2 protein chains.
Amino acid sequence: MRELELIDGLEVILSSSDARVVRWLGDDASVVRAGGYAVTSVDTMVDGVHFHSSQLSPEQIGHRALAGALSDLAAMAARPGQAYIALGLPPGCTRPDATALVAGAQALAARTGTTIAGGDVTRADALVVSVTVIGWSEDPGELVGRDGARPGDLVGVTGTLGAGGAGLALLEGRASADGLGGPVATELRRRFACPEPRLAHGRDLASAGARAMIDLSDGLATDAAHLARRSGARIELTLGSLPLADGVAEVAAQVGVDPFEFAATAGEDYELCACLPAAAAQNPQTGRAGASWTWVGRVVEGAAGVVFTDSGVDLAGYEHAV
Amino acid sequence: MRELELIDGLEVILSSSDARVVRWLGDDASVVRAGGYAVTSVDTMVDGVHFHSSQLSPEQIGHRALAGALSDLAAMAARPGQAYIALGLPPGCTRPDATALVAGAQALAARTGTTIAGGDVTRADALVVSVTVIGWSEDPGELVGRDGARPGDLVGVTGTLGAGGAGLALLEGRASADGLGGPVATELRRRFACPEPRLAHGRDLASAGARAMIDLSDGLATDAAHLARRSGARIELTLGSLPLADGVAEVAAQVGVDPFEFAATAGEDYELCACLPAAAAQNPQTGRAGASWTWVGRVVEGAAGVVFTDSGVDLAGYEHAV
């Protein structure tokens with residue numbers, strides 16, 4: 001496959017009505033009119049590490065790679081602007097495969113107001129998709145980092161947990177769809193294959209007063225520990241309060257893990273976890289943007305770290321693929 | 001290797017005195033105060049495709065990956081701001097290797113006024129380094145694309161050509177350093193391993209009136225064809241006018257290629273090629289920023305494309321690894 005021909009093909013798929021974009025594909029670099037502050041994140045997904053290309057369609061791989069990067073912007077409460085996709089294509093990858101992958105990303109980009117404004121195509125041993133996303137914010141005070149959690153804050157999560165990990169277990173054959181019901185199994189697999197970055201919900205949580213926020217790609221146990229560490233705060237969570245997605249209990253039973261532990265550690269959910277002052281607990285914005293909102297714990301005085309008050313297991317020590 | 005430990009190690013290496021940077025490593029995304037326009041490029045280098053890790057030190061690999069991305073900013077005449085490094089690390093890669101790689105990039109970053117403000121670390125089958133660079137410009141009119149070449153323009157290149165390709169031939173054992181002289185061979189290998197992005201020269205060329213510019217990572221024959229295609233212009237080059245680096249003639253003879261053809265097609269040089277109005281030919285800025293400047297051709301009326309007027313070979317059809 002010749003790079004230039006592929007890039008020509010991609011220009012047909014990609015379209016931009018983004019008035020910020022002065023130059024994009026086909027130049028040495030894109031040129032984009034900036035807002036006040038650029039919010040930038042990079043997320044890389046590698047075949048065999050973060051997904052298996054035999055289990056996902058090219059469109060799903062493209063969606064998932066962009067969703068992972070956009071989820072970081074959601075966790076900052078930033079509005080997405082542009083995305084840049086660096087593709088490493090292995091020998092067996094055809095031009096239709098690569099085009100479909102970018103088309104999958106483009107569908108999510110269009111829906112979230114993101115412009116795919118450039119990238120890079122190279123050969124590689126395995127399929128690698130590295131996505132850089134840039135969001136814009138007029139006021140950095142409206143963005144939410146990981147370091148603002150304070151004792152007295154309440155901790156909550158968007159949506160339901162465990163679905164991404166359960167979907168992966170189904171795709172990998174570690175669990176069976178028997179007894180789940182077809183629609184439930186399909187939804188779990190979709191939650192892994194096509195996670196939805198919680199962009200609007202992230203901004204709503206910021207408006208409601210969120211002081212620290214992170215997305216749950218590694219699972220609540222690991223990701224809440226990042227919040228605790230960066231904030232120098234102790235986070236107490238109640239394992240039994242986690243909102244389980246439909247079918248997670250059944251899949252967890254099949255893989256021999258407590259369902260709440262599974263939801264806290266399996267990762268792949270791309271929901272948000274945020275810490276808000278207790279006074280914000282009644283703010284209707286915490287739960288309004290398309291996903292539910294569940295309070296799962298609080299920030300307390302003490303050594304930085306995460307404890308599940310109703311579990312004796314050190315779930316935060318769970319080690320993830322990097 | 002645990003991602004978090006590695007990232008902690010990298011925070012020690014990386015340092016920023018960049019007042020633009022509000023948040024960087026350790027959050028979901030960096031937050032950077034923007035200039036008027038963001039100029040963004042992504043460049044990926046894969047072990048076994050763009051380099052061989054057995055032939056370069058980790059520091060050189062890091063330098064080269066950042067240099068490749070910065071070279072795109074040089075070709076736009078943009079001033080670099082931040083870089084984001086996505087590392088895919090294979091099983092055998094140690095933490096000192098990864099740290100040294102980032103240290104190599106950091107040394108170049110510090111020297112060019114670039115802040116490494118974030119990135120990503122994942123497992124991969126082979127070493128993959130994907131670098132996103134963002135530069136800033138108050139006025140997009142000061143930036144130079146690929147599409148502005150017009151009949152009557154003169155075409156020139158910075159520095160000397162063929163050195164990167166000759167250095168690679170030496171590293172790969174396709175050519176021998178015998179008869180070259182030790183310092184010449186060392187310099188050729190250095191030109192491949194640690195190319196210098198022509199950032200200051202690119203801005204000088206823009207000031208001197210450059211209307212189209214590109215960096216020569218694929219070689220003049222291929223890259224001038226990009227200028228011709230994007231500008232809808234015909235570019236006539238004189239093969240015999242290309243400025244050969246010391247030792248290129250000897251290496252080209254060893255690999256059985258005409259030295260000027262080698263310089264036009266071997267790539268890996270990261271010099272700049274620019275088209276300027278004939279009136280700019282006397283502007284001293286074309287050659288002042290540390291590298292020499294050589295006129296090698298002109299833009300003429302006719303079908304878009306590149307011809308070497310003193311060669312019967314279709315050098316622009318040369319196919320590069322992507």
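Some notes on this structure:
- Here is how far apart the B:Q282 label points are across copies: 8.0 nm, shortest first, using a point 7 Å from Cα toward Cβ.
- Building the convex hull from the alpha-carbon atoms of segment A:34-78 and averaging its projection over directions returns 3.8 nm².
- The sum of -39500 (n - 2.57) across all DSSP H runs of n ≥ 4, divided by the residue count of chain B, sets its helix-only mean residue ellipticity at 222 nm to -10000 deg cm²/dmol.
- Diffusion coefficient of segment A:184-228 by Stokes-Einstein, Kirkwood radius over Cα pairs, 25 °C, 0.890 mPa s: 200 µm²/s.
- Antiparallel DSSP beta bridges within the protein assembly as shown, as percent of all bridges there, nearest 5: 75
- Cα-derived Rg to Rh of chain A, Kirkwood definition: 0.98
- Take A:S241, push a point 7 Å out from Cα through the beta-carbon direction, and compare it with the same point in every other copy: 7.5 nm, smallest first.
- Restricting the calculation to Cα atoms, every distinct pair contributes to the Kirkwood radius of segment A:150-237, found to be 14.8 Å.
- For segment B:59-131, the fraction of alpha-carbon pairs lying more than 19 Å apart is 29 percent, rounded to a whole number.
- Backbone geometry of segment B:149-164 corresponds, through the Karplus equation with coefficients 6.51, -1.76 and 1.60 at θ = phi - 60°, to 3J(HN,Hα) couplings of 5, 10, x, x, 5, 9, 10, x, 10, 7, x, 10, 10, x, 5, x Hz, x marking Gly and Pro.
- Here each label is just a point 7 Å from Cα along the line to Cβ, and for B:E142 and A:E142 those points are 2.8 nm apart.
- Each DSSP beta bridge with both residues in chain A is either parallel or antiparallel, and the antiparallel ones are about 75%.
- Kirkwood hydrodynamic radius computed over segment A:154-317 comes to 15.8 Å, based on all pairs of distinct alpha carbons.
- D (Stokes-Einstein, µm²/s), Kirkwood Cα radius, the protein assembly as shown, 1.306 mPa s at 10 °C: 62
- Cα-based Rg of segment B:3-142 normalised by 2.2 N^0.38 Å, two decimals: 1.01
- The mean count of C-beta atoms from other chains within 10 Å of the C-beta of residues in A:221-229, rounded to a whole number, is 1.
- Sequence-ordered 3J(HN,Hα) estimates for segment A:210-223 from the Karplus curve with 6.51, -1.76 and 1.60 and θ = phi - 60° stand at 4, 9, 8, 8, 8, 8, 9, 5, 9, x, 4, 4, 6, 6 Hz, glycine and proline given as x.
- For segment B:190-278, taking Cα atoms only, Rg and Dmax work out to 13.7, 40 Å respectively.
- Ligands, DNA and RNA are left out, and with a 1.4 angstrom probe the accessible area of segment B:166-227 is 32 Å² per residue.
- 10 Å Cβ neighbours from other chains, averaged over peptide A:46-57: 2
- Normalised radius of gyration (Cα atoms, divided by 2.2 N^0.38 Å) for segment A:141-201: 1.54.
- Between chain A and chain B, the total buried accessible area stands at approximately 5100 Å², from heavy atoms with a 1.4 Å probe.
- Accessible carbon and sulfur surface of chain B relative to its total accessible area, %, 1.4 Å: 48
- Descending semi-axes in whole angstrom, ellipsoid equivalent of segment B:228-269, from the Cα gyration tensor: 24, 10, 9
The values are calculated or read from the model by the stated rules, or taken from the named source; none is laboratory data. Quantities reported herein were computed from a predicted structural model and do not represent experimental measurements. As a convention, Cβ positions derive from the backbone with ideal geometry for all residues, glycine included, and neighbour counts pool all protein chains shown. Only protein heavy atoms, including side chains, enter the accessible area calculation; ligands, DNA and RNA are left aside. Shrake-Rupley method; radii C 1.70, N 1.55, O 1.52, S 1.80 Å.
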